[in-house]
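For reference, the structure is listed below as structure tokens.
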Amino acid sequence: MNVSEAVKNRKSIRAFLDKPVPNELIRELLQKASRSPSGGNVQPWQVYVINDTAMQDFHKHVADSTEPEQAAYEIYPESLKEPYRSSRFKVGEDMYALLEIPREDRGGRIRRLMENYKCFGAPAAIFCYVDRQMGKPQWSDLGMFLQTFMLLAQEAGLSTCAQEAWATRADTVTRFVKAPDELMLFCGVAIGHEDTSVAVNSLVSQRRPVEEFATFI
Ligand SMILES: Cc1cc2nc3c(=O)[nH]c(=O)nc-3n(C[C@H](O)[C@H](O)[C@H](O)COP(=O)(O)O)c2cc1C
């Protein structure tokens, strides 16, 4: 698989098979992904891996953690501008159409949202943290690291879903992984084998054309 194929084939997978992913493979993907560039080679990513039986313990921990908590950061700007707002709306509606959960079924949509907090049934996940000292440039480095990781996972026959939903349960995750106070959670990435039998995984999200986001001077 070349880079173009990995980029084209990667998509967010939101239902996984009950098939294990060896820690050695995740370690190898992390090692390869660590070749990602970062400003000043700071390498600001700090990763916690939850896999296999630890994932089962984690599910229990999440279910038992019922205290309300404050989100680690605001996931989207309060009133998202166009064209970003429409893009976000479209992918959400396309996903719920595949899941056959109409807009009026608020309970159904909330229950579906809660699947985030089960890593969509993935056997493994990484949680990507960053030192609170770091600013926007280093946060962008995290994005590069995560995309590299997801492409390498694709090459290895795995599927992924980045999950910033965990920002709203950051305290719960942090208590489980025992991350020090100086770190804050950016997102999780669910990792596993795609369940191809479910409609939601057939979602192919749209992209705006190059003419709309690039200006050649
Ligand atoms: C940093 C990041 C966080 C994300 N968080 C979530 C999430 O919490 N839940 C979810 O279902 N998808 C999440 N996604 C997936 C996006 O919705 C998805 O990447 C986007 O719709 C494009 O679709 P694609 O990944 O299939 O190409 C996230 C993606 C990124 C890059």
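The values are calculated or read from the model by the stated rules, or taken from the named source; none is laboratory data. Here the structure is a predicted model, which is why all the values come from computation and not from measurement. Cβ: placed from backbone, ideal geometry, glycine included. Neighbour counts: every protein chain shown. When the accessible area is computed, the model is the full protein with side chains, heavy atoms only, and any ligands, DNA or RNA have been set aside. Shrake-Rupley method; radii C 1.70, N 1.55, O 1.52, S 1.80 Å.
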When the residues of region 47-66 are narrowed to those that are of a type in the set (S, T, N, Q) and open to solvent by 80 Å² or more (accessible area, probe 1.4 Å), which ends up farthest from the chain's Cα centre (by Cα)? Thr66
Ala97 meets each of (1) within 13 Å of the ligand (Cβ to nearest atom); (2) open to solvent by 20 Å² or more (accessible area, probe 1.4 Å); (3) in a helix (DSSP H, G or I) with one exception, condition (1)
Surrounded by 11 or more Cβ atoms within 10 Å (Cβ to Cβ) and under 25 Å from Asp171 (Cα atoms): is that true of Glu69 in this structure? yes
Tell me, which residue of region 67-118 that is within 22 Å of Thr196 (Cα to Cα) and among the charged types (D, E, K, R) is farthest from the chain's Cα centre (by Cα)? Glu100
Val3 open to solvent by 80 Å² or more (accessible area, probe 1.4 Å), among the aliphatic types (A, V, I, L, M) and within 16 Å of the ligand (Cβ to nearest atom): yes
Exception for Val91 within (1) in contact (Cβ under 8 Å) with a residue 12 or more places away in the chain; (2) over 23 Å from Thr160 (Cα atoms); (3) assigned to a helix (DSSP H, G or I) falls at (2)
Any residue in region 141-163 that is farther than 9 Å from Ser12 by Cβ and within 8 Å of the ligand (Cβ to nearest atom) sitting within a Cβ distance under 6 Å of a residue that is at pLDDT below 95 and acidic (Asp, Glu)? List the pairs, counting only those 6 or more apart or interchain. none
For region 9-46, name all the residues that are under 25 Å from Ser205 (Cβ atoms), within 16 Å of the ligand (Cβ to nearest atom) and open to solvent by less than 70 Å² (accessible area, probe 1.4 Å). Arg10, Lys11, Ser12, Ile13, Arg14, Ala15, Phe16, Ala33, Ser36, Trp45
For Ser79, work out the one condition from (1) open to solvent by less than 90 Å² (accessible area, probe 1.4 Å); (2) farther than 20 Å from Val189 by Cβ; (3) of a type in the set (Ser, Thr, Tyr) it doesn't fulfil. (1)
Residues located in region 106-150, provided they are open to solvent by 60 Å² or more (accessible area, probe 1.4 Å) and either among the charged types (D, E, K, R) or modelled with pLDDT under 95 (or both): Arg106, Arg111, Lys118, Arg132, Lys136
Give region 185-217 a look and list any residue that's more than 21 Å from Lys90 (Cα to Cα), open to solvent by 30 Å² or more (accessible area, probe 1.4 Å) and within 14 Å of the ligand (Cβ to nearest atom), or say none. Phe186, Glu194
